[in-house]
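Reviewing the structure listed below.
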Amino acid sequence: MIGGVWQGKAFEPLSKTEGRGFNITKKFGRATKKWPMRTTMSTSFVNGKEVFLLHYPFYRSPSASSKMTDEVRKVGEGLYPYASTQFINR
């Protein structure tokens, strides 16, 4: 529990197509924003459809060293699976 227990992610829009996000952790009852990411609306690496991308290397964080990007897309009402890609700069 060095960094706390992961609770989820939170997002803030910066424009119509870009924003930033954070991982939320909780330690001793206190929630903290950690490991920021850049977010954009783009097209999927998998199927070319619109997706919400989470770019971890944009900010300095433990995830940034992996050059990881997550794709989140709606596939049904309230159902948003994601795919993770590594070593792809976008």
Pairs returned, first residue in the range 6-20 that is more than 17 Å from LYS33 (Cα to Cα) and at pLDDT 90 or above, second residue that is surrounded by 11 or more Cβ atoms within 10 Å (Cβ to Cβ) and hydroxyl-bearing (Ser, Thr, Tyr), beta-carbon separation under 7 angstrom, 6 or more apart or interchain, are GLU18/THR39; GLU18/THR40
Going through the range 31-49 in order, the residues found to be at pLDDT 90 or above and surrounded by 15 or more Cβ atoms within 10 Å (Cβ to Cβ) are ARG38, THR39, THR40
Residues in the range 50-90 that are part of a loop (DSSP other than H, G, I, E, B), modelled with pLDDT under 65 and either surrounded by 13 or more Cβ atoms within 10 Å (Cβ to Cβ) or of a type outside the set (D, E, K, R) (or both) total 5
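The values are calculated or read from the model by the stated rules, or taken from the named source; none is laboratory data. The structure displayed is predicted, hence computed values, not measured ones. Cβ sites come from the backbone with ideal geometry, for glycine too, and all protein chains shown count toward neighbours.
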